[in-house]
Structure formats: structure tokens, C-alpha cells
Amino acid sequence: MASSRTSSTATKTKAPDDLVAPVVKKPHIYYGSLEEKERERLAKGESGILGKEGLKAGIEAGNINITSGEVFEIEEHISERQAEVLAEFERRKRARQINVSTDDSEVKACLRALGEPITLFGEGPAERRERLRNILSVVGTDALKKTKKDDEKSKKSKEEYQQTWYHEGPNSLKVARLWIANYSLPRAMKRLEEARLHKEIPETTRTSQMQELHKSLRSLNNFCSQIGDDRPISYCHFSPNSKMLATACWSGLCKLWSVPDCNPLHTLRGHNTNVGAIVFHPKSTVSLDQKDVNLASCAADGSVKLWSLDSDEPVADIEGHTVRVARVMWHPSGRFLGTTCYDRSWRLWDLEAQEEILHQEGHSMGVYDIAFHQDGSLAGTGGLDAFGRVWDLRTGRCIMFLEGHLKEIYGINFSPNGYHIATGSGDNTCKVWDLRQRRCVYTIPAHQNLVTGVKFEPIHGNFLLTGAYDNTAKIWTHPGWSPLKTLAGHEGKVMGLDISSDGQLIATCSYDRTFKLWMAE
């Protein structure tokens, strides 16, 4: 009994020694791929947790996802911020490769073509170039080429639109053109012959003659002033024999005055509104009978009337205009009458055939003034579109385009030398154009307000007369275009002016209801 207890006690005393901590098994650290180890393990038949049963359990638990060949695209899930940064880097890369002109005017032209502002506040040429480069890096250099192509197309379309077009005219127009050609050619030959003879005069003689003329012009004085009506006087015109003056008034009346004593001779009643102009027939008071048509006038209601010298009533009315007729002018032959209208056209009337033979368009706004070349071959028109045109009456073509005025053209006149044209405009200037060079040869800063009329001295064109809304008329040398004399005396705007056919008298009419005659002492 005792021995057994001892053994049991011994057993009990040894129990604490058996409670020693177990040895921790060190995990294996593998370097590289586990693929070979996994194949060895599977070859030995070890399934473990990675066996088929474990794999099936993992799939059912949702811990292992098995896809059916789907691919996860990482690039599609890059954040928007990263995409913006990448796009900016690409844009900067493209910008560095774009070549931009160093010419600042070309840079501005490119910006304008792209629809961008050509300059920003405080921006210099270098910053402008950089801005253009950045814009091109966004829209692409092809955009600039495309805009250039579009501009070229629009230019071509404009050129096509501006091409001269023709339509068939009446047979009477053909007859008139031939008649004008036969009329003008001998007159042109005569003018050229006179110019040759004038050139043969010694230079000293010509200079002394010009000095004498300038001296007499500087001594011009107002020797007659007459109240013409109760309303402003819009136009005045000397008769071919320089012994009568016709005035047109806003009251609707036209009056004839004796020259130089300024006594009233006739009052022509027929218009009911503002009369724009009244002009004598080129042969009136010279070879034309008083019973024939001696004058023509026009008014703001579109009416055009013909007058004789022995009656106060109109001889005939020219019908066809529906809007304001600004000016009327006789062709040098006296057979044709030109009228300018606010319907953007001017018309030529054949008084022998008693019909309208030409209805000419060409201005983009109303046509205000018209003048005929001394030979009768050309007509010049000035429009409210600030452009003038010179027309060949023998062919119908516009042979010269007068572009340069900034505002409306209110007056146009041909010089007797045959190749100078003067235009007066609302931009306060008078421009002189040369038919031979087809350009403006001189711009006279003539007045301080809009120029209402221009007129060359009718014999040799030795001086130019201009009138304006600054209440004055001025005389300018030709050639040279320097000021000779200022005719001051009107209390209102100078609305019309004329020079007598003998070159001795100058008439001006004004908004102050008076007309004045000026003559050298």
C-alpha cells in the first residue's frame, strides 16, 4: 500500500515539469514564387485548405471571387483630377511644338481670325504670342487654316457678288449711247487741241496770268445781297449768258433774278415742298427760244418739272420718281437730263424721245449729286454711302470708284481740263481725283462743317470754289489747292453756290434766306 502511494505521489510531483511551454514552430519564409512549392504539394496529394473542398467552401462563403474572363481596366478608373493633369501636360507639350509668328500684326490677324480679342489690357507682344500659342494648342492649328479657307471663300463670294452684271436695255438706250459717243468725241478732240495750244504759251506768261488771276480773286467782295424768300434757299444757278440767276427755295418756289442788280424777274410756282435744285438748259438765253424748255427743277416729293422763260407754270412734269429727288443736271448737249434719287439710283431722261432711257443703280444708299463731263462722255455721281462713281455714258460701265471720304458726298464737279474731279463731303473735306491716275491726288481740309457744294471755274478750271455749313465759301488755287479767299458774310449755312459762265461772278445762297453775289473790285 505504501509503495503505491509513493508512486502516485511521485507522479503527482512530476506533473508541474510536464507543463513546460511548447516549442514555437518557426514559419518558413519563401523567397520568389510559390508556384513550384504549390505544384509539389498538389503532386503529393496534399489538399489542405487549398484543396478542392476548401476552394469550394471559400467560393460559397464569398471570400473567393471567380470571374468569367472579365478584365479590370485601371486607366478607366483614374480620377478626374489625374485626367486633367495629364491633359494639361499634353496641351503644354503641343504648345511647345507650335510655331507662332514674331510679327505682332500677324499675331493679331490670327487672333482676329479665331474670334479672339486681338489684345487684352496690359498685354504686350510676347504675352499675345503666348496666348495665341495656348489657344492653338487647344483648338489645333487646323482651326486657323480652316478660318483662312473660310475667309478666302467669303472673299470669293463677295467678289462674285460685286461682279458687274448686265441686263438688256431698250433700243432707245443704244441709240442714245451712240449719239453721245458721236457728240463727245469731237468735243474731246477740241479740248485736247486747246490744251496743246495752252502748253505752247511760255511758262513766264502763264505764271504772270495766274498771278493776276489770284490777285483779282483775293480782291473779291460782296457787292449784292438779296433776301430771296421766307424759307431757306437751297440752290442757285447762273444762266449761260450770266445775266440771270435762278434760286430754289424750301417754300416750293423757284425765282429768277436779274444780274447784277438782283431784281426779281419771275416766280415759278409748281412745287408743293422743298425744292432741291433748279438748273438752266445749256443753251438757254443763248440760242434757245423762251417758249422752249429752259429750266428743270426737282423737289423732295419726287417731282421733276420743266419750265420755260415766258410762263410761271411748268411746261411739263417728269414722272417716275417715288421718293426724294436731290439734284437735277442737264447733259452738256441739252438733250438729256440726269436726276439723282434717294432710291439708290440715278436716271437719265431723253427729252427728245420723252422717255427714261437709263435707270442706273450702283450706290448702297441714296444718290445725292450728279455732274457731267464737259465733253458729255462721262457722268459723276456722289452718294450718301460716302462713295462716288464715274460712269461712261457711251458704254454704261463704271470706270472709276471714288473711295476715301468718311461721310456722305454732297457735291461733285468735273474740271474743264477734263481729268480732275472734285468731291465735297460731310467729313468737312474736299477731295480732288485724277481720272488719268484713277486715284485721289489731294485732300483739302476745306471747312469746319460739312461741305455742301464744289465748283470749278468753268472756262479753264483755274480755281475751285467750295461752300459749307460753317457759313462760308472758299476759293482754292488750281493746281496747288492753297486757300486764296474766304467769302464770309452769310449768317447761316451756305447751301448752294455757282460761278458764272464768264468766270466773273460768284453766287452763294444760304439757310439765312439770302443769296449773295461776289465780284472782284
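Of the residues screened, residue 411 is one that is in contact with a Ser or Thr (Cβ under 8 Å, 6 or more places away or on another chain), under 30 Å from residue 190 (Cα atoms) and open to solvent by less than 50 Å² (accessible area, probe 1.4 Å). Hey, among the residues in the stretch 488-498 that are out of contact with any Asp or Glu (no Cβ under 6 Å at 6 or more places or on another chain) and surrounded by fewer than 22 Cβ atoms within 10 Å (Cβ to Cβ), which one's farthest from residue 413 (Cα to Cα)? Looking at the filtered set, the residue picked out is 489. Would you call residue 379 free of Cβ contacts under 8 Å to residues at least 60 places away in the same chain and touching a Ser or Thr at 6+ places or on another chain (Cβ under 8 Å)? No; evaluated as a whole, the condition is false for this residue.
Within the stretch 235-272, the set of residues being outside any strand (DSSP E or B), more than 24 Å from residue 371 (Cα to Cα) and either free of Cβ contacts under 8 Å to residues at least 40 places away in the same chain or not assigned by the TED database to the domain that holds residue 499 (or both) comprises 251, 261, 263, 272. Residue count for the stretch 223-234 under the criterion of being among the aliphatic types (A, V, I, L, M) and either outside the structural domain of residue 289 (by the TED database) or under 16 Å from residue 297 (Cβ atoms) (or both): the result is 1.
Conditions (1) within 28 Å of the chain's Cα centre (by Cα); (2) more than 21 Å from residue 401 (Cα to Cα); (3) surrounded by 23 or more Cβ atoms within 10 Å (Cβ to Cβ), marked per residue:
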{"residue": "312", "(1), (2), (3)": "no, yes, no"}
{"residue": "327", "(1), (2), (3)": "yes, no, yes"}
{"residue": "339", "(1), (2), (3)": "yes, no, yes"}
{"residue": "355", "(1), (2), (3)": "no, yes, no"}
{"residue": "359", "(1), (2), (3)": "yes, no, no"}
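For the stretch 182-229, residues that are open to solvent by less than 70 Å² (accessible area, probe 1.4 Å), closer than 30 Å to residue 509 by Cβ and either free of Cβ contacts under 8 Å to residues at least 40 places away in the same chain or in a strand (DSSP E or B) (or both) total 6. Within the stretch 294-302, the presence of a residue that is in contact with a Cys (Cβ under 7 Å, 6 or more places away or on another chain), closer than 18 Å to residue 509 by Cβ and in a loop (DSSP other than H, G, I, E, B) is excluded.
The values are calculated or read from the model by the stated rules, or taken from the named source; none is laboratory data. Nothing here was measured: the structure is a model prediction, and the numbers come from that model. Virtual Cβ from ideal backbone geometry, glycine too; neighbours counted across all protein chains shown. Heads up: the accessible areas ignore ligands, DNA and RNA and are worked out on the full protein's heavy atoms, side chains in. Shrake-Rupley method; radii C 1.70, N 1.55, O 1.52, S 1.80 Å.
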